[in-house]
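Note sheet for the following structure.
The values are calculated or read from the model by the stated rules, or taken from the named source; none is laboratory data. It should be emphasised that the depicted structure is a prediction, and the values quoted were computed from it without experimental measurement. Don't worry about glycine lacking a Cβ; one is built from the backbone with ideal geometry, like all the others, and counts go over all protein chains shown. Quick note on the areas: whole protein, heavy atoms, side chains included, nothing else; ligands and nucleic acids left out. Shrake-Rupley method; radii C 1.70, N 1.55, O 1.52, S 1.80 Å.
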Amino acid sequence: MLEQLLIFSRGGLILWTCNELSNALKGSPIDSLIRSCLLEERSGLASFVYDAPGASYTLKWTFHNELGLVFVAVYQKILHLLYVDDLLSMVKREFSVVYDPTRTDYGDFDDVYRQLRLEAEARAEEIKKSLKVGARIVGKKQELVQKAKFDQGGKKMNGGGNLKSENGADDKSMNGYVNGGEEVKNRGSVNDKENLSSNNGAFDVNKLQKLRSKAGKKNDSAAVVSKGSKPESKKKVTKKNRVWDDNKPKDVKLDYTDPVTENGDEHVNYVAADIEGESMMDKEEVISSDSEEEEDDRVVDGSKSVTKSKGWFSSMFQSIAGKANLERADLEPALKGLKDRLMTKNVAEEIAEKLCESVATSLEGKKMEKFTLISSTVKAAMEDALVRILTPKRSIDILRDVHAAKEQGKPYVVVFVGVNGVGKSTNLAKVAYWLLQHKVNVMMAACDTFRSGAVEQLRTHARKLQIPIFEKGYEKDPAIVAKEAIQEATRNGSDVVLVDTAGRMQDNEPLMRALSKLINLNNPDLVLFVGEALVGNDAVDQLSKFNQKLADLSNSSNPRLIDGILLTKFDTIDDKVGAALSMVYISGAPVMFVGCGQSYTDLMKLNVKTIVKTLLK
């Protein structure tokens with residue numbers, strides 16, 4: 001049974017709800033649908049499952065793009081209602097007839113809905129009956145086949161083409177004793193041949209002794225030859241470096257480690273904010289006009305074939321007169337070209353398919369404007385969708401959150417998580433440098449007690465930046481180390497605690513359990529996932545499994561998941577910027593930092609317009 005069915009406009013105005021379904025929905029499934037699917041370009045999905053304490057619903061929906069209407073049906077997750085899709089399509093068809101943009105009350109639609117629901121339920125019953133009849137027919141056919149096999153099992157054909165009876169006796173052997181005797185003789189001859197072959201292949205000890213004596217003589221002769229002849233000693237010839245134009249190469253210093261005094265103390269070259277320069281986080285990025293001035297690709301690869309097949313006149317007439325309503329077949333060629341383009345920019349295939357499906361759902365049935373091509377319409381819709389996805393849905397101003405936590409008398413805690421070798425410690429130091437420029441007291445916490453050299457690496461960054469570090473060495477519980485670091489920061493008056501964690505693969509159960517314990521025990525203000533901009537399809541697997549593990553291993557009903565993303569090695573990908581889109585789409589978390597170099601200043605914000613232009617260029 002349906003829990004609720006409602007119709008509302010894309011602007012959020014509720015036009016009609018079913019009065020018969022007066023059940024009060026627990027939680028806010030409609031709001032979750034709008035936030036998680038409709039605004040995040042996941043409208044191409046078949047259904048949406050809403051899970052909350054004491055409530056579990058399945059939501060299905062459809063659009064009327066020309067009128068800008070959304071039709072939503074809500075029912076219990078445990079139920080499998082076959083008539084929901086049919087009912088939504090019928091309600092959409094009938095409501096579009098009576099819809100008036102100036103009208104807000106549709107109380108007379110209740111009778112129409114009641115009739116439509118009865119028709120949909122009757123069709124569903126007929127489908128159930130037909131499925132049951134089909135299952136019975138298939139079952140009877142299987143029984144007949146099994147019986148036929150069982151009847152033929154009484155008499156089977158042997159290798160010589162003779163029938164065997166049920167007791168296994170050969171009908172040919174029943175004709176007389178002579179046949180049986182011939183079989184016995186044949187079997188005996190075969191056995192005799194086998195015995196002869198086994199005797200011929202028996203092992204002879206005398207032959208082995210003769211072979212050993214021959215081998216000994218050969219070894220003795222070889223030893224005599226080796227004593228008489230002296231081996232020539234070959235000198236290794238080392239290749240000298242070639243010198244061009246008689247210029248001697250200069251001795252270049254390749255060791256850039258800090259010098260050590262006689263007492264063993266290191267002279268550390270400290271990095272000051274005024275010497276290193278301003279962090280790129282505080283610089284406004286200038287968007288190059290190259291992508292905007294480039295000639296727009298009016299016709300993508302897929303739509304070229306459609307233009308050729310329809311002919312020049314028909315395509316030109318459609319662009320001038322405008323098409324009545326866009327159909328899925330009209331959108332497929334342009335969407336295929338866009339999907340291929342996104343995948344060449346390193347967007348995961350699964351994400352590219354979902355985006356194209358969502359854009360097709362939003363354009364299907366919509367009237368195309370005059371003097372426009374289908375490819376340009378699809379591209380504009382995709383650009384709007386990408387901007388909506390990449391634009392953060394919440395504030396990502398960390399400095400404001402730091403000051404708010406300081407007013408409450410507690411440090412702002414940031415935990416850096418991610419897989420191995422993505423640059424967590426290096427980018428943690430970049431974030432620390434950026435915070436130092438804004439007069440924020442920072443303390444590092446070395447909670448990577450697993451990897452050798454991790455504490456020393458973070459200690460070097462701390463000495464360079466002249467900030468305190470809390471460490472307990474190796475083979476300690478990271479969750480306890482982080483807790484003690486936060487307590488130490490509270491006593492010392494530090495504003496921010498940057499927690500470094502060990503790199504771990506998403507399938508490593510023990511390390512993921514330790515990470516979940518660290519987050520649940522310390523409840524950080526921000527959980528940053530550090531990921532490479534080089535990854536393609538693996539970005540989906542990494543983020544989805546990190547979030548899944550954190551949710552499964554948490555003891556809380558509202559587990560902490562990934563709050564933000566830090567993309568590293570962004571300067572090495574050229575125009576392959578699709579990893580940013582894949583990570584944001586699969587997790588819903590915004591990209592808060594972008595690492596674009598090896599110095600402390602190489603940290604910047606993500607420019608959404610630049611990324612979208614690059615993806616569609």
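Suppose R0 equals 25 Å; then what is the FRET efficiency for residue 420 and residue 598 from their Cβ-Cβ distance, rounded to the nearest 0.05?
Here the calculated transfer efficiency is 0.85.
Only loop residues by DSSP count here, and only those with at most 16 other Cβ atoms within 10 Å; note down the GluC sites (Glu not before Pro) in segment 387-479 that meet that.
Passing sites in segment 387-479 are 475.
For the pair residue 93/residue 17, report the inter-label distance in nm, with labels modelled 7 Å from Cα in the Cβ direction.
The two pseudo-label positions are separated by 2.8 nm.
Arrange the peptides 26-37, 9-20, 376-387 so that the one whose residues have, on average, the most other Cβ atoms within 10 Å appears first.
Top of the packing list down: 376-387, 26-37, 9-20.
How much accessible surface area, in Å² rounded to 10, belongs to the heavy atoms of residue 430 with a 1.4 Å probe?
Taking all protein chains as shown, residue 430 has close to 0 Å².
Based on C-alpha coordinates, I'd like the Rg and Dmax of segment 398-616, in Å.
Calculated on Cα positions, Rg and Dmax stand at 16.5, 51 Å.
For the pairs 26/410; 424/517; 464/549; 424/549; 354/613, note any where the Cα-Cα span goes beyond 24 Å.
The pairs that break the limit, which is 24 Å between Cα atoms, are 26/410; 464/549.
Can you list the HN-Hα couplings for segment 421-434, worked out from phi with the Karplus curve (6.51, -1.76, 1.60; θ = phi - 60°), rounded to whole Hz and with x for Gly and Pro?
Values, residue by residue: x, 8, x, 5, 5, 5, 6, 4, 5, 5, 5, 4, 5, 5 Hz.
Stretched out fully, how many nm does the piece from residue 513 to residue 137 gain, at 0.36 nm a residue minus the Cα gap?
130.2 nm
If you add up the charges near residue 19, with Lys and Arg at +1 and Asp and Glu at -1, over every other residue whose beta carbon is less than 15 angstrom from its beta carbon, what do you get?
My count for the surroundings of residue 19 gives -4.
Ranked from highest to lowest mean number of other Cβ atoms within 10 Å per residue, what is the order of the peptides 56-68, 435-447?
Going by the mean number of other Cβ atoms within 10 Å, highest first, we get 435-447, 56-68.
If each residue of separation counts as 0.36 nm, what is the full-extension length gain between residue 80 and residue 349 once their alpha-carbon separation is subtracted?
Value of the extension gain: 93.8 nm.
Taking R0 as 22 Å, what's the FRET efficiency between residue 51 and residue 6 from their Cβ-Cβ distance, rounded to 0.05?
The value I calculate is 0.60.
Of the listed peptides 590-597, 521-528, what is their order by residue-averaged count of other C-beta atoms within 10 Å, with the highest listed first?
Per-residue Cβ counts within 10 Å, averaged per peptide and sorted highest first, yield 590-597, 521-528.
Which percent of the accessible heavy-atom area of segment 398-616 goes to carbon and sulfur, probe 1.4 angstrom?
The C+S portion of the solvent-accessible surface of segment 398-616 is 48 percent.
What does a probe at residue 523 reach in segment 403-420, counting residues whose amide N is under 20 Å from the point 7 Å along Cα→Cβ?
Hits in segment 403-420 for residue 523 at 20 Å: 403-416.
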